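For reference, the structure is listed below as structure tokens.
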Amino acid sequence: MSEIRLTNIIKRYEDGFVAVKNAQLEIHDGEFMVLVGPSGCGKSTTLRMIAGLEEVSEGDIFVGDQRVNDLEPGDRDIAMVFQNYALYPHMTVRANMGFGLRMRGVDKNEIDHRVNMAAKILSLENLLNRKPKEMSGGQRQRVAVGRAIVRQPSAFLFDEPLSNLDAKLRVQMRTELAKLHHQLKTTTVYVTHDQVEAMTLGNRITVMNEGVIQQVDTPLNLYRHPRNRFVAGFIGSPAMNFIRGNVMESVFSGSGIRLALDKVSHQGPATLGVRPEDLTIAKGDTTSIFSVPIEVVERMGHETVLYFQLSGDPLVARIEEDLAIKAGENVPFTIKSQRWHLFEATDDELRIEHLAHPDPNKN
Amino acid sequence: MKEPKGITLLRHAVLILFSLFAIYPALNVLSISLRPGDRLRSTDLSIIPEDWSVDSYISLFTEQPFLTWLGNSLLVSLLVTIFGVTLASIGGYAFSRFRFVGRGAGMATLLTTQMFPATMLMLPLYVMIARLHLVDTFLGLMLFYTATAMPFCLWQMKGFYDTIPVSLEEAARIDGCSRWQSFVRVTLPLAVPGLVITALFSFMTAWSEYLVAAQVLQTSENFTLPLGLKSFQETMSTQWGLYAAGAILVSLPVVILFMVLSRYLVSGMTLGAVKE
Ligand SMILES: Nc1ncnc2c1ncn2[C@@H]1O[C@H](COP(=O)(O)OP(=O)(O)OP(=O)(O)O)[C@@H](O)[C@H]1O
Ligand SMILES: [Mg+2]
């Protein structure tokens, strides 16, 4: 049993700054949980509290059935991979990986055995006698992961482990981490602000903003049913388009567009959200909802990304074909049937549930 | 990049000139130590005089209490080094890693103490040592040396620890180390260049110090080397040969130390300049 539970966690730093506000989080046994959010939202703080590197101001953290608030990091049976790898510069790779076991008094042969196994999984066999400074960034990253897995802990904690790698290596390591988790099935908490990492690695994702957990759900549910405008805008790239306006009798109007919404009881100010891929070009006899001059065209081959403005709001459309559109051209747009989100115009900007929105579990 | 020959020549000429300035006095001392008798002034320009002899050196060891002084100096200097390194390695760590009340003020105070000339401290120091009944004892001398070397050592070590990423200790703690173990097993080994500089500085503070030793130590058996050397001067006629021979022998260990440790000195001085 190695689920991790945070109950009413508050982190108040010495200067009085509250970095994590009343966090509730349950990470299931064997789950890969990703923490995402913009810089400074408290992801690392949360992770470091789980690790025991940062004290909890209020609330409890459980690993399995044990309350770990007052345990030393070394007694929590967790392993952590740091953003800067934090390899011991004066030790060889072998010593680095075996250090945690050595500290726990594990038998020498057993250490060698486990280090060799980990080295094999991570293709580090030929580097075991090197010092960290004699290795590339990608190799160091592997050693850092190796140091975590030889311990066979009940949970792995990662703090932006891939952010120091170049784009290609990052993709490669990402798939390796996914493979590794599939193999080991160890409970994992993974901090990143790269949402591609979040979407591809996570069994579930926790989205944080300004110290508050916004939503916890599977990647696709987050994508399709964002709880509020923040999550809607944060998950997905390019980000969701937002249009401010008003709803009157199930008709949204704002920024010069009118859109009939089915079965929405909401009345009054609201924000309409449309994902870039849900905007399409009106062809034939489909009536366009709005028609605007395109400002920038990005042709990627398999898709075309169009940037334009609607009454001052910058919008993006992603069309899944190669279109020979030029900047300045006037293009008529329509929104795919029922592919819109509606958000309250309150501080929380909660999403307004509407039955007509297609159920993601059915397609 | 290739520079014009003229510049290279000029550069070397300047360097050689300054090297001569630095080396000449030392060579002169060597020369005096090898002259028989007490010929301080000599028109002879050769470094090793034709009638050279090592009489002065032999006399140092046989007729003079040179060995006693050497022992005293070694004892005092080594103990001061051990005190200094131990205290500075722990204290510097605290200043670098912990946020406590008085941390900033403490660092500033330590720095301020470095701004007073040592002679100014002489009188209050003597009074303190006297009240502690430590006049003419090594302990009194060592207390003062350790105290005067400590601010520099603390700053040095603090600066050094600052360059060692905290995440290394955090990794160690997650690997099962206590705070103390992470310090001993991870931080301290990485701080070796800093420790070496601190040790060298502590050693030098004690090894070549004269003024304070002259106040605290009074009997000839307790003299450290600088005091002993000076005592050759105090009689009506200075024994220049002994004085010079002694000076050479005193500086020898320091020269050797510097040569052996130069590797660390360079890495210690450049470490902070490069980001990890
Ligand atoms: N020791 C500290 N004292 C005071 N405030 C702190 C301290 N450490 C972090 N903070 C603040 O807490 C907030 C959350 O920091 P945290 O490191 O958890 O952010 P993060 O989500 O990991 O961001 P990033 O993506 O940039 O790493 C930030 O606003 C930060 O300034
Ligand atoms: Mg962070």
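The values are calculated or read from the model by the stated rules, or taken from the named source; none is laboratory data. Predicted model, so just to flag it, every value in this text is computed and none were measured. With ideal geometry, Cβ positions are generated from the backbone for all residues, glycine too; neighbour counts draw on all protein chains shown. To get the accessible areas, we keep the full protein, side chains included, count just its heavy atoms, and leave off ligands, DNA and RNA. Shrake-Rupley method; radii C 1.70, N 1.55, O 1.52, S 1.80 Å.
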Item checked: Alpha carbon Rg of segment B:38-137, scaled by the compact-globule rule 2.2 N^0.38 Å -> 1.79
Checklist line | Counting DSSP beta bridges with both ends in the protein assembly as shown, the antiparallel % (nearest 5) | finding: 75 percent
Note to self: Counting only protein heavy atoms and a 1.4 Å probe, tell me what percentage of the protein assembly as shown's accessible area is made up of carbon and sulfur.
What the structure shows: 59 percent
Next item on the list: Report the relative contact order of chain A, percent, no decimals, based on alpha-carbon pairs under 8 angstrom and at least 6 residues apart.
Entry: 15 percent
Item checked: Excluding exposed DSSP-loop GluC sites (Glu not before Pro) (at most 16 other C-beta within 10 Å), longest clean stretch of chain A -> A:56-209
Item checked: Tensor-based shape of segment B:64-265 (alpha-carbon gyration tensor, a/c under 1.5 rounded, otherwise prolate or oblate) -> prolate
Checklist line | Estimated inter-spin distance, A:Lys133 and B:Glu63, nm [label 7 Å along Cα→Cβ] | finding: 5.4 nm
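Can you pull the mean other chain C-beta count within 10 Å for peptide A:69-79?
Working: counts 0, 0, 0, 6, 10, 9, 1, 1, 1, 1, 3.
Mean shielding by partner chains, rounded to a whole number: 3.
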Check: What does the charge dipole of segment A:135-271 about its Cα centre add up to, to the nearest 20 debye, if the Cβ of each Lys and Arg holds +1 and the Cβ of each Asp and Glu holds -1?
Finding: 340 debye
Notebook entry, point to check: Relative to the longest principal Cα axis of chain A, at what angle does helix A:93-103 sit, 0 to 90 degrees, rounded to 10?
Noted result: 70 degrees
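With +1 on the Cβ of every Lys and Arg and -1 on the Cβ of every Asp and Glu, and nothing else charged, how large is the dipole of chain A about its Cα centre, in debye rounded to the nearest 20? Mind dumping the intermediate values first?
Numbers: 42 positive and 47 negative charges, 227 e Å.
Dipole magnitude for chain A comes out near 1100 debye.
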Item checked: 10 Å Cβ neighbours from other chains, averaged over peptide A:53-62 -> 1
Notebook entry, point to check: Given N residues in segment A:240-353, what is Rg(Cα) / (2.2 N^0.38 Å)?
Noted result: 1.08
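Is there a quick way to get the dipole size of the protein assembly as shown? I mean about its Cα centre, with the Cβ of Lys and Arg at +1 and of Asp and Glu at -1; what is the value in debye to the nearest 20?
Numbers: 59 positive and 63 negative charges, 161 e Å.
Computed about the Cα centre, the dipole is about 780 debye.
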Note to self: For segment B:21-174, what does the accessible surface come to per residue with a 1.4 Å probe? Please give it in Å².
What the structure shows: 54 Å²
Notebook entry, point to check: What percent do you get for the relative contact order of chain B when only Cα pairs under 8 Å and 6+ apart count?
Noted result: 30 percent
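Take every DSSP beta bridge with both residues inside chain A and express the antiparallel ones as a percent of the total, to the nearest 5. Before the final figure, lay out the partial values.
Numbers: 57 of 74 bridges.
If I count the DSSP bridges inside chain A, around 75 percent turn out antiparallel.
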Check: Of A:Val145, A:Leu25, A:Ala155, whose Cα points farthest to the positive end of the dipole of segment A:4-224 (charges on the beta-carbon: +1 Lys, Arg; -1 Asp, Glu; origin at the Cα centre)?
Finding: A:Val145
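Nearest 100 Å² is fine: what is the total accessible surface buried where chains A and B meet, probe 1.4 Å?
1700 Å²
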Next item on the list: Please determine, in degrees from 0 to 90 and to the nearest 10, the orientation of helix B:138-162 with respect to the longest principal axis defined by the Cα atoms of chain B, where the helix direction is its Cα long axis.
Entry: 50 degrees
Check: Can you give the angle from 0 to 90° between the axis of helix B:240-271 and the longest principal axis of chain B, with both taken from C-alpha atoms, to the nearest 10?
Finding: 30 degrees
Checklist line | Cα→Cβ-extended label distance, 7 Å offset, between B:Ala13 and A:Val106, nm | finding: 6.8 nm
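Per the Kirkwood definition applied to all pairs of different Cα atoms, how many angstroms is the hydrodynamic radius of the protein assembly as shown?
Working: mean 1/r = 0.0321 Å⁻¹.
The answer is 31.2 Å.
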Notebook entry, point to check: When the scattering of segment A:80-176 is computed by the Debye formula from its Cα atoms alone, each counted once and equally, what is log10 I(q)/I(0) at q = 0.11, 0.14, 0.17, 0.22 Å⁻¹?
Noted result: -0.28, -0.46, -0.69, -1.16
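Determine, from the Cβ-Cβ distance of A:Thr200 and B:Thr219 and an R0 of 56 Å, the FRET efficiency 1/(1 + (r/R0)^6), rounded to the nearest 0.05. Kindly include the intermediate steps, with their values, before the conclusion.
Working: r = 81 Å, r/R0 = 1.44.
Calculated transfer efficiency: 0.10.
What percent antiparallel are the DSSP beta bridges of segment A:117-233, to the nearest 5? Present the calculation step by step, with values, prior to reporting the outcome.
Details: 5 of 10 bridges.
Given both bridge residues lie in segment A:117-233, the antiparallel proportion sits at roughly 50 percent.
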Checklist line | Expected 222 nm ellipticity per residue - DSSP helices of 4 or more, -39500 (n - 2.57), all of chain B, to 500 | finding: -24000 deg cm²/dmol
Checklist line | Square roots of five times the Cα gyration tensor eigenvalues for segment B:149-200, Å | finding: 23, 10, 9
Note to self: Testing the spin-label approximation: label points 7 Å from Cα along Cα→Cβ at B:Glu50 and A:Glu320. State their distance in nm.
What the structure shows: 10.5 nm
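Partner chain Cβ atoms within 10 Å, averaged over the residues of A:95-104 - can you pull that number for me?
Details: counts 0, 2, 0, 1, 7, 6, 2, 3, 9, 2.
Averaged over the peptide's residues, the number is 3.
Which longest uninterrupted range of chain B lacks any chymotrypsin sites (Phe, Trp or Tyr not before Pro) assigned by DSSP to a loop state (not H, G, I, E or B) and surrounded by at most 14 other Cβ atoms within 10 Å? Mind dumping the intermediate values first?
On the way: sites that count: B:Trp52, B:Phe98, B:Phe100, B:Tyr210.
My reading of the result: B:101-209 is the longest stretch.
Which of the trypsin sites (Lys or Arg not before Pro) found in segment A:206-305 are loop residues per DSSP with 16 or fewer other Cβ atoms within 10 Å of their Cβ? Present the calculation step by step, with values, prior to reporting the outcome.
Working: sites: A:Arg224, A:Arg227, A:Arg229, A:Arg244, A:Arg258, A:Lys263, A:Lys283, A:Arg299; in loops: A:Arg227, A:Lys263, A:Lys283.
Answer in residue order: A:Lys263, A:Lys283.
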Next item on the list: Could you please tell me the mean projected area of the C-alpha convex hull for segment A:168-266, averaged over all directions and given in square nanometres to one decimal?
Entry: 8.8 nm²
Check: Between A:Thr188, A:Thr346, A:Thr92, which gets the highest mean-square fluctuation from a Gaussian network model of chain A, Cα cutoff 10 Å?
Finding: A:Thr346
Next item on the list: Please name which of B:Leu78, B:Tyr93, B:Val260 has its Cα lying farthest along the dipole of segment B:64-265 towards the positive end, using unit charges on Cβ (Lys, Arg +1; Asp, Glu -1) and the Cα centre as origin.
Entry: B:Tyr93
Notebook entry, point to check: Dividing the convex hull volume of the Cα atoms of segment A:4-224 by its residue count, what figure in Å³ per residue is obtained?
Noted result: 124 Å³
Check: From the residues A:Leu124, A:Thr286, A:Ser337, which one has its Cα farthest along the dipole of the protein assembly as shown in the positive direction, the dipole being from +1 and -1 charges on Cβ of Lys/Arg and Asp/Glu about the Cα centre?
Finding: A:Leu124
Next item on the list: May I ask you to derive the relative contact order of segment B:45-184, considering only C-alpha pairs under 8 Å and at least 6 residues apart, and to give it as an integer percent?
Entry: 36 percent
Item checked: Cα gyration tensor category, rounded, prolate or oblate, for segment A:1-56 with a/c compared to 1.5 -> prolate
